[in-house]
Amino acid sequence: MIHVVIYQNEKEECTGFQTEGHAEYADPGQDIVCAAASVLIINTMNAIELYTEDAFSVFSDEETGMISWHLEGNPSKEARLLLNTMILGLKGMADDENYEEYIDLTFEEV
């Protein structure tokens, strides 16, 4: 199962996230749940780096599927939009009866 923790500030703005695990929906290379989550997460990180001035830190471990990503400060308007879009996609997967057993999404105030 993919576990995603979304870190939020007191305004419920996403300030970071951590992912861990593998979906195990299908064999590696055929796992559409893992692929979908990966695209949402990696594209968001790349878009924030390319299209915003927001500073962040990231650490990853491909073997465990762990990505730890944190903004250095509060999100800009652009980063907030991109992060909310990622969360929308992950929520859609976690709430879908076909995929809910393969991805877990939680929110934590920091």
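The values are calculated or read from the model by the stated rules, or taken from the named source; none is laboratory data. From a predicted model like this one, the values you see are computed outputs, not experimental measurements. A quick note on method: Cβ atoms are made from the backbone with ideal geometry, for glycine too, and the neighbour counts reach across all protein chains shown.
Observations on the structure shown:
- A single member of Ser76, Ser38, Ser60 is over 20 Å from His3 (Cβ atoms) and of a type in the set (Ser, Thr, Tyr), and it is Ser76.
- Residue tally, condition without any contact (Cβ under 8 Å) to a residue 40 or more places away in the chain and part of a helix (DSSP H, G or I), over region 44-80: 10
- Residue match in region 15-22 (condition: among the aromatic types (Phe, Trp, Tyr), on the phi < 0 side of the Ramachandran plot and not in a strand (DSSP E or B)): no
- Members of region 8-44 found to be at pLDDT 95 or above, over 14 Å from Asn84 (Cβ atoms), touching a strand residue (DSSP E or B) at 6+ places or on another chain (Cβ under 6 Å) and surrounded by fewer than 19 Cβ atoms within 10 Å (Cβ to Cβ), listed by number: Gln18, Glu20
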